[in-house]
Structure formats: C-alpha cells, structure tokens
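The values are calculated or read from the model by the stated rules, or taken from the named source; none is laboratory data. All of these numbers come straight from a predicted model, not from anything done at the bench. No Cβ is skipped: glycine too gets one built from the backbone with ideal geometry, and neighbour counts run over all protein chains shown. Heavy atoms of the whole protein, side chains included, go into the accessibility calculation; ligands, DNA and RNA do not. Shrake-Rupley method; radii C 1.70, N 1.55, O 1.52, S 1.80 Å.
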Amino acid sequence: KPAAGFEGLKRISYEDIGGLKDELQRLRETIELPIRHPELFKTLGIEPPKGVLLYGPPGTGKTLIARAVANESGAHFISIAGPEVISKYYGESEQRLREVFEEANENAPSIIFIDELDSIAPKREDVTGEVERRVVAQLLTMMDGLEERGQVVVIGATNRLDAIDPALRRPGRFDREIEIGVPPTVDREEILNIHTRGMPLDETVRIDLIATQTHGFVGADLAALAREAAIRSLRRHLPMIDLEQESIPQEILDALKVTGNDFRE
Ligand code: ATP
C-alpha cells in the first residue's frame, strides 16, 4: 500500500537527487548496508542503527533522499508526518504509531519516515505538551523494541535539531545525525539539470550561469524556478494557441522552448 502523501508519485532513485553526495553516502552506509548485508554487522558484533535524523532547512531534499534510499534498497517505505500522529483523542496517537511499526515489521525490510519529528517533541514549559509526551514515550518503546538486525529503520526529519527531545537522540534511538544543508553552486547546477531533464531547452540556456545566480536557493526553489520558466514559455505562446482546436500545431510545439529569458526574468 502506498505511503500516505506519496500516492501516484514516481519512484525516486539516486538519479533524482542533485548534490548531497556525502550525505547520501552516509545515509546509504547507515541504512542500505545493514538492510542488504546484515551479516557484516553480525560478524563485527555491532548493531546497525535504528534511527537516523536528517536535519536542515525546508526544501533541501530530506524527504527525497529518504525515499530514494528506501526504493534503491528495496525497502518498504512508510511516511508519516509528526503533526498527523498527534491526535487530541486519548490513546489514538499511540495507536497510530503502533500500526505504523506493525506495518513496518510485517513488510521488513522497511523504512519509517517521520517528517517534522520536532512536532512531537514535548514542549516543556507548556502543559498541553501531554499528548506529545505520550507520543515520544510510545515512539521510544517502539524503537527500543525493534529487532537489532537493522531491518526496520526510522528516519526522522526536522528543520530544528534543537527542538528534538533529547531522549530521542540517545544511543540506540536517533543516534545518527546527517545535516542536509542549503546547496552550493555545483549542487545547484546538478539540481537544475535534474529538474530541466525533460524540458526542451533553448541552446542559449546556460544552466551553469543560472546556478551561480541562485545563491540561497534550495532544491525546492530550483524545482519551482524550472517549472515557472516552462510556464512562462507556455504563456508567451498562448496567444497563438486556439483552445478550440483539436490539437496544437507542430510549429507551436517546436517553438515551445524554455529560453534563457524565461529563466532569467
Ligand atoms: P521539508 O523540510 O519542507 O519537508 P524536505 O527537505 O523534505 O523539506 P523535499 O520534500 O525532499 O524537502 O524537497 C521538495 C522538492 O524539492 C523535492 O520533491 C524535489 O523536487 C526538490 N528538491 C529538493 N532537494 C533536491 C535535490 N537535492 N535534488 C533534486 N531535487 C530536490
């Protein structure tokens, strides 16, 4: 059954991730290696990690990288969002978490992805943090109960590492942390190349230059930029398109190219 929120989305692979080479390498060692070769860890007498925290600003590819590792290691992927787990009805949140871990165990190897993990951090100064406290306790119980063969791994994502309950970050829980940061120029170029892969680009388009001009853009911004350029190109040609027509004439389809101008505007 497809994970919540990802219905109908295509399978993400390592090809779809721009930059993040070291981060991906670390995540693969931490998750894919124990899933594929549990015997390595058995021989060494060490336990593979049960939990990994991905942290960094929004839109930098945390969800993307988790989905890619799941797909490429053939693991069942279950995605939940922290706020979605928090239910105001007594006991429902814990029940939801139990179901998720049950599904993961039944379909192992599995990866449980918890987005916005910080939202289940109990707010200490806040009496209404009661639900969060119970959910954290339940999550700890479920993680402590995981079999130690690395066949079910929990990946948590957050924009605010300091907002994660310290109890969740102890050894045997989310004890690996990987920062997913804002991409540098070379990574932006790779991300732009990925998101313009299926677009007919005019030969005047210089992806390398656009990469240098988009300082501070994260992957989600660059994906939006490419989409916006394509839509502008479409808009420019719209006056020539007769909406009543059965099909669009080939010369318009040919002219429909993303130009340098559309990107720079
Ligand atoms: P949030 O903290 O808001 O959940 P996130 O870090 O999980 O953000 P994603 O959902 O993975 O971000 O990224 C959003 C979209 O941005 C992706 O679906 C993808 O289209 C694009 N994107 C982000 N980072 C990259 C990247 N490194 N390479 C290619 N595309 C990227």
Starting from the Cα of residue 14, step 7 Å along the direction of its Cβ; do the same at residue 47; then give the gap between the two resulting points in nm. 2.8
With a ≥ b ≥ c the root eigenvalues of the C-alpha gyration tensor of region 68-108, is it rounded (a/c under 1.5), prolate (a/b larger than b/c) or oblate? oblate
Quick check: the angle from helix 92-106's long axis to the longest principal axis of the chain, C-alpha only, nearest 10 degrees? 80
At a threshold of 8 angstrom on Cα-Cα distance, excluding pairs fewer than six apart, so keeping six or more, what relative contact order does region 8-116 reach in percent? 30
Residue of 117, 192, 253 that the Gaussian network model of the chain assigns the largest fluctuation, springs spanning Cα pairs under 10 Å: 253
Solvent-accessible area, 1.4 Å probe, carbon plus sulfur percent, for the chain: 51
For the chain, calculate the relative contact order in percent as a whole number, restricting contacts to Cα pairs under 8 Å that are 6 or more residues apart. 24
Largest first, what is the accessible-area ranking of 215, 76, 195 with a 1.4 Å probe? 215, 195, 76
For the chain, accessible area per residue (1.4 Å probe, heavy atoms of protein chains only), Å²: 54
If I build a Gaussian network model for the chain, linking alpha-carbon pairs within less than 10 angstrom, which residue out of 77, 113, 41 has the largest mean-square fluctuation? 41
Shape call for region 11-94 from the C-alpha gyration tensor, a ≥ b ≥ c root eigenvalues: rounded (a/c under 1.5), prolate (a/b greater than b/c) or oblate? oblate
From largest accessible area down, sort 17, 86; use a 1.4 Å probe on the protein chains. 86, 17
What is the distance, in nm, between label points placed 7 Å from the Cα along the Cα-to-Cβ direction at residue 236 and at residue 175? 5.6
List 254, 221, ordered by accessible area with a 1.4 Å probe, largest first: 254, 221
Taking Cα atoms, how many degrees apart are the long axis of helix 130-144 and the longest axis of the chain, rounded to 10 and kept between 0 and 90? 80
Inter-label distance for residue 248 and residue 33, nm, one decimal - labels placed 7 Å from Cα along Cα-to-Cβ: 4.8
Which of 98, 173, 28 moves the most in a Gaussian network model of the chain with Cα springs under 10 Å? 98
Per 0.36 nm of contour for each residue apart, how much would the distance between residue 99 and residue 215 grow if the chain were fully extended, relative to their Cα-Cα spacing? 37.5 nm
Under the helix-only model (-39500 (n - 2.57) for each DSSP H run of 4 or more, divided by the residues of the chain), the mean residue ellipticity at 222 nm, to 500 deg cm²/dmol, is -12000 deg cm²/dmol
Just to verify a number: FRET efficiency for residue 40 and residue 133, C-beta to C-beta distance, R0 = 45 Å, to 0.05? 0.75
